[in-house]
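Since every read-out is calculated from the coordinates, none of them should be taken as a lab result. Please read all numbers here as calculations on a predicted model, not as lab measurements. Cβ placement follows ideal geometry from the backbone for every residue including glycine, while neighbour counts extend to all protein chains displayed.
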Amino acid sequence: MDAIPESTHEREQAFADALRADGLRMTHQRLEVIRELASATHHPDADELFRAVRERVPTISRDTVYRTLTTLAARRLIERIAAPGAARFDPDSSMHHHFVCTECGRILDLDAGDLGEPEVPSGLPGIGEITSVRLEIKGVCGECAAHEKVRTGDGGS
């Protein structure tokens, strides 16, 4: 597996190297996509990346964004996260887990140390070799839960 990029610049370089290794030219459009993704501090979806890059590069195509994301996810440099509405992408390849709000789709990073190491059976029939484990916890975030309490008048007095 590739080394974990620690800085935005290192992420950009790792992303560019992966695209070149897959035979994709490093065009200005692709470079702007990887710059936007590498600097993300949240979990953007493809359309969000497209809109952000389009402000700087009006000629960008959705296909360029999707192809770039697909290549990076296939090389495990980013993680594709299923969320309500649209898949989101995590450029942070450090060991951490996710909480996904089933109401608003918000994704929060959870420090792996806070949850401890998940126990994985040493031998799962027919699986093969397990190289890593990430947890995805789903539920209702505090903000959505608070809105629901206000909406229903359940202030919990």
Worksheet, complete the sentence: The set of residues whose placed amide H lies less than 5 Å from the amide H of I81, leaving out same-chain residues fewer than 5 positions away, is R88, F89, D90
Worksheet item: In degrees from 0 to 90, rounded to the nearest 10, what is the angle of the helix 142-152 Cα long axis to the longest principal axis of the chain?
Response: 50 degrees
Discussion item. Ignoring trypsin sites (Lys or Arg not before Pro) that are buried or in helix or strand per DSSP, and keeping those with at most 13 other beta carbon atoms within 10 Å, what is the longest stretch of the chain between them?
Written reply: 77-157
Worksheet item: Once you sort the root eigenvalues of the Cα gyration tensor of segment 8-81 as a ≥ b ≥ c, which label holds: rounded (a/c under 1.5), prolate (a/b larger than b/c) or oblate (the other case)?
Response: rounded
Discussion item. Between I137 and T41, what's the calculated FRET efficiency when r is the beta-carbon distance and R0 is 22 Å? Round to 0.05.
Written reply: 0.65
Discussion item. Report the gain in length on full extension from A86 to I130: 0.36 nm times residue separation, minus Cα-Cα distance, nm rounded to one decimal.
Written reply: 13.1 nm
Worksheet item: How much length is gained on full extension from R20 to T102, taking 0.36 nm per residue of separation minus their Cα-Cα distance?
Response: 25.9 nm
Fill in: Cα gyration tensor, the chain - rounded (a/c under 1.5), prolate or oblate
oblate
Fill in: Shape category assigned to segment 55-103 from the gyration tensor of Cα positions, a/c cut at 1.5
oblate
